[in-house]
Amino acid sequence: MPSSPDYQYFIGVDIAKSTFIVSCSSQKNSQKFLNTPVGFKDFYEAYQHIIQDSLVIMETTGNYELALIKYLLEQNVKVHQAHALQVKNFVLSLGKRTKKDKADSQS
C-alpha cells in the first residue's frame, strides 16, 4: 500500500474573482494577493521557503481558482481542491459560525 505524503505545512487559500487570501498553518497572519499571474508569482515568492513542503488547499469557487491551480501545478506544488460543502461542514464541526474570507482560508 502506498504511503501518504508528509506535509510540513498546510496553506489555505480563499479565492475570489479579483483577489485571494492565504493562511498558513505555521503563521498567525493572513496575506492577500491579486488573482492574476503577478499575484500568483507574489504568493509563490512569499511562501517559497515552505511551499514545496506544503499542501495548498482551496475551495472550488466559480472557477476563479483554476488559473492559480494551474500555476501552482506548473511549479510542482501539491494542491488540493476542496468541495465547498465539505469545507462548510468541516468549519461548522469546529463550532465556527462565521463566513469571512480570512476565516475560510484558515479552515
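Coordinate-derived values only; no laboratory data. Source: prediction; values computed, not measured. All Cβ positions, even for glycine, are placed from backbone atoms using ideal geometry, and neighbour counts span all protein chains on display.
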Placing each pseudo-label 7 Å from Cα in the direction of the beta carbon, THR19 and ILE50 end up separated by a distance in nanometres of 2.1
Here the residues of segment 33-54 lying in the modelled label zone of ALA67, meaning backbone nitrogen under 18 Å from a point 7 Å along Cα-to-Cβ, are 33-45
A chain fully extended from LYS41 to GLU74 at 0.36 nm per residue, minus the present Cα-Cα distance, gains in nm 10.7 nm
